[in-house]
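Since the structure comes first, as structure tokens, the remarks are kept for the end.
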């Protein structure tokens, strides 16, 4: 165990994802090769549509976590390349279906696949990528990995349905919101990290530590994403400010602002979440309210809490470049909104 | 090898699915118990929506094939119960997504899930069932079964995208049509049968024979389905006559009627497939044309060809109740339209 204590420290220079990207750069080339190879099909629409999203400027956060976790464990094989690609395929399939479900037009500043090719194509290519992700896992041949990733997939889908059921319920509450993001976002982050411990044949304790790292990072990541939607200075990962508000999504900033608001404020939030307040002026008012109630500050404070837990989850691993890069990746994730 | 020759014989009494249903009745109860148990979730919408379709009057054709194939091989274990449920989940997920893709309102004479709960819920519950199907396979633990079913899933999705790309192309051609139905329908029939040979630990030759049985039956089944759409006397599996025509689907009856039609007929089909001919009168005219060109007769003749190949594929297995029931099931499948 290392005695170094990593803390989220606002006085240090801005944290960056760069160390983690450098750490896994060579491995990521191998993963990209698998992704490109395995998204092919005789049906030209499949690579065309899948490529739009896969080449569309995503950071490959989840496969990066698999690769970094493997580095942390000193794994020197190459099984994780195929599995990291499999994780990215699950994620891409989810994004394709999410954009249909939400009726989104833009993702990462680009037109969504459903806008260009239509909902049917997005649904079916999502299904294809999802099936392909399982084929990749089966080729790897570890039943343990298959169990982790098939369970994560079911949990993600359950989380998405849970979110759908919760739609437009302004009184959702923080607990259920955490259940939802724990399922729809954090489960795949956790699985992406945990499978590295499986391929590296490490102990149950190390598996659990990496699971906890990914899960807490995933929750922090989603909390910050949800906060960014109400932060008007953009430049933040291509996410359009105000999207969640205009779609009537109930995220933690809304939950806190609603709970802390006056009678009048609550009326505003109810109307907004029901879709009756989607103008630019309404959004400006919403930003005022989340600021006045400190809902954004506290959403980010919650994110820092989970970020710190992620950092502490890997504190027991050997110090070095991998652990430092993963720690800084967490710091970057929670610092994005500043 | 048995010397008995089974032939499709129009002079015998009407074939029935009943012998196959009796053959597997006890096993099917076990499969239904797995299905009911594993479609549960803490999110109430999931069992509600899934149950609508799963309890919605389907014949459980695909799990029935797994069970019958296991009987044919004298398998006495119970691994096939979980796997048959897994196959049904894949099928159900596909139906949920298909109905969204096609914008269908009715299936088996009932309102579709997307009509009742909306497209987002159908997409996401489909994803859940698909993930759950993989969890069931992983619990079984056979990498060979996982490979067969994950490959079948990818092929189905590819076939669906192929069909989407081919939409409204009246000059599709019989070969590409066969590719599409081979992927979107026959691949899962083939896999459902083949996995029985895997759990029963039989030879590659027996696996291949059951794969061929399922694949040919699947093609025959889809051909008859596509013919039935142009046969006006209903009572045929809850399928609404004229649905394919009104949705502009290019099926074999259309392909043959178009290829064999006059200049004027071709103009009619082109307009119809583009969606400009969807009235009841247009459908009556379409029925006249497929009859006049013998397109229905020949679609059914093609179905009998594949049905015969299915029957011959299992001719080498021991004679008995299982083989007879499977043979009669094929006869039933191809005789449905008469």
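Need the failing condition index for residue B:231 against (1) under 19 Å from the mean Cα position of the chain (by Cα); (2) away from chain A (no Cβ under 14 Å); (3) closer than 30 Å to residue A:122 by Cα, just the number.
For residue B:231, the failing item is (3).
Return the pair list, or none, for Cβ contacts closer than 6 Å from residues in segment A:35-48 that are within 11 Å of chain B (Cβ to nearest Cβ) to residues that are crowded, with 17+ Cβ neighbours inside 10 Å and in a loop (DSSP other than H, G, I, E, B), at least 6 apart or on different chains.
A:47/A:39
Within segment B:253-264, can one find any residue that is assigned to a loop (DSSP other than H, G, I, E, B) and in contact (Cβ under 8 Å) with a residue 12 or more places away in the chain?
Keep residues of segment B:253-264 that are assigned to a loop (DSSP other than H, G, I, E, B), which gives B:261-262.
Within this subset, residues satisfying the condition of being in contact (Cβ under 8 Å) with a residue 12 or more places away in the chain are B:261.
Within segment B:253-264, one or more residues are assigned to a loop (DSSP other than H, G, I, E, B) and in contact (Cβ under 8 Å) with a residue 12 or more places away in the chain.
Given the condition within 23 Å of residue B:178 (Cα to Cα) and either under 17 Å from the mean Cα position of the chain (by Cα) or surrounded by fewer than 18 Cβ atoms within 10 Å (Cβ to Cβ) (or both), answer yes or no: does some residue in segment B:277-291 qualify?
Checking segment B:277-291: at least one residue is within 23 Å of residue B:178 (Cα to Cα) and either under 17 Å from the mean Cα position of the chain (by Cα) or surrounded by fewer than 18 Cβ atoms within 10 Å (Cβ to Cβ) (or both).
Is it the case that some residue within segment B:99-108 is more than 7 Å from chain A (Cβ to nearest Cβ) and at pLDDT 95 or above? Step through it out loud before you land on a result.
Of the residues in segment B:99-108, the ones more than 7 Å from chain A (Cβ to nearest Cβ) are B:99, B:102-108.
Applying the additional criterion that residues be at pLDDT 95 or above yields none.
No.
Across segment B:156-166, what is the number of residues that are facing chain A (nearest Cβ under 8 Å) and buried (at least 20 other Cβ atoms within 10 Å of the Cβ)?
Residues that pass the stated criteria total 7.
From the list B:203, B:153, B:133, B:142, pick out the single residue that is modelled with pLDDT of 95 or more and at the interface with chain A (Cβ under 8 Å from one of its Cβ atoms). Steps first, please.
Values: B:203 fails: at the interface with chain A (Cβ under 8 Å from one of its Cβ atoms); B:133 fails: at the interface with chain A (Cβ under 8 Å from one of its Cβ atoms); B:142 fails: at the interface with chain A (Cβ under 8 Å from one of its Cβ atoms).
Result: B:153 is the single residue among B:203, B:153, B:133, B:142 that is modelled with pLDDT of 95 or more and at the interface with chain A (Cβ under 8 Å from one of its Cβ atoms).
Sort through A:169, A:132, A:176 and tell me the only one that's farther than 12 Å from residue B:135 by Cβ and buried (at least 24 other Cβ atoms within 10 Å of the Cβ).
When all the criteria are applied, what remains is A:132.
Regarding residue B:286, is this residue farther than 25 Å from residue B:17 by Cα and without any contact (Cβ under 8 Å) to a residue 40 or more places away in the chain?
Spelling it out, it is not the case that residue B:286 is farther than 25 Å from residue B:17 by Cα and without any contact (Cβ under 8 Å) to a residue 40 or more places away in the chain.
Could you go through segment B:292-310 and let me know if any residue there is free of Cβ contacts under 8 Å to residues at least 60 places away in the same chain, more than 21 Å from residue B:176 (Cα to Cα), touching a helix residue (DSSP H, G or I) at 6+ places or on another chain (Cβ under 9 Å) and part of a helix (DSSP H, G or I).
yes
If a residue must be facing chain A (nearest Cβ under 7 Å) and either in contact (Cβ under 8 Å) with a residue 24 or more places away in the chain or in contact with a strand residue (DSSP E or B) (Cβ under 9 Å, 6 or more places away or on another chain) (or both), how many such residues does segment B:112-130 contain?
If we filter segment B:112-130 for residues that are facing chain A (nearest Cβ under 7 Å), which is where we start, we get B:120-121, B:123-125, B:127-128, B:130.
Filter once more, so that each one left must be either in contact (Cβ under 8 Å) with a residue 24 or more places away in the chain or in contact with a strand residue (DSSP E or B) (Cβ under 9 Å, 6 or more places away or on another chain) (or both): B:121, B:123, B:125, B:127-128, B:130.
Result for segment B:112-130: 6.
Yes/no per residue for (1) modelled with pLDDT of 95 or more; (2) within 26 Å of residue A:331 (Cβ to Cβ):
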| site | (1), (2) |
| --- | --- |
| A:5 | no, yes |
| A:20 | yes, yes |
| A:55 | no, no |
| A:86 | yes, no |
| A:92 | yes, no |
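Looking only at segment B:61-82, count how many residues are in a helix (DSSP H, G or I) and either away from chain A (no Cβ under 14 Å) or within 14 Å of residue B:326 (Cα to Cα) (or both).
Going through segment B:61-82 one residue at a time, the tally reaches 15.
Would you check which residues across segment B:49-60 are touching a residue at least 24 places away in the same chain (Cβ under 8 Å) and part of a helix (DSSP H, G or I) and list them?
Listed by number, the residues that qualify are B:49, B:50, B:52, B:53, B:54.
From A:152, A:196, A:190, which residue is free of Cβ contacts under 8 Å to residues at least 60 places away in the same chain and either part of a helix (DSSP H, G or I) or crowded, with 23+ Cβ neighbours inside 10 Å (or both)? Step through it out loud before you land on a result.
Working: A:152 fails: free of Cβ contacts under 8 Å to residues at least 60 places away in the same chain; A:196 fails: free of Cβ contacts under 8 Å to residues at least 60 places away in the same chain.
Going through A:152, A:196, A:190 in turn, just one is free of Cβ contacts under 8 Å to residues at least 60 places away in the same chain and either part of a helix (DSSP H, G or I) or crowded, with 23+ Cβ neighbours inside 10 Å (or both): A:190.
Residues of segment B:311-320 being surrounded by fewer than 15 Cβ atoms within 10 Å (Cβ to Cβ) and either in a helix (DSSP H, G or I) or over 25 Å from the mean Cα position of the chain (by Cα) (or both), which ones? Outline the logic, then answer.
Looking only at segment B:311-320, we keep the residues that are surrounded by fewer than 15 Cβ atoms within 10 Å (Cβ to Cβ), and these are B:316, B:318-320.
Those that are surrounded by fewer than 15 Cβ atoms within 10 Å (Cβ to Cβ) and either in a helix (DSSP H, G or I) or over 25 Å from the mean Cα position of the chain (by Cα) (or both): B:318, B:319, B:320.
The values are calculated or read from the model by the stated rules, or taken from the named source; none is laboratory data. Everything quoted here is computed from the prediction, not taken from an experiment. Methodologically, a virtual Cβ is constructed for each residue, glycine included, from the backbone with ideal geometry; neighbour enumeration extends over all protein chains shown.
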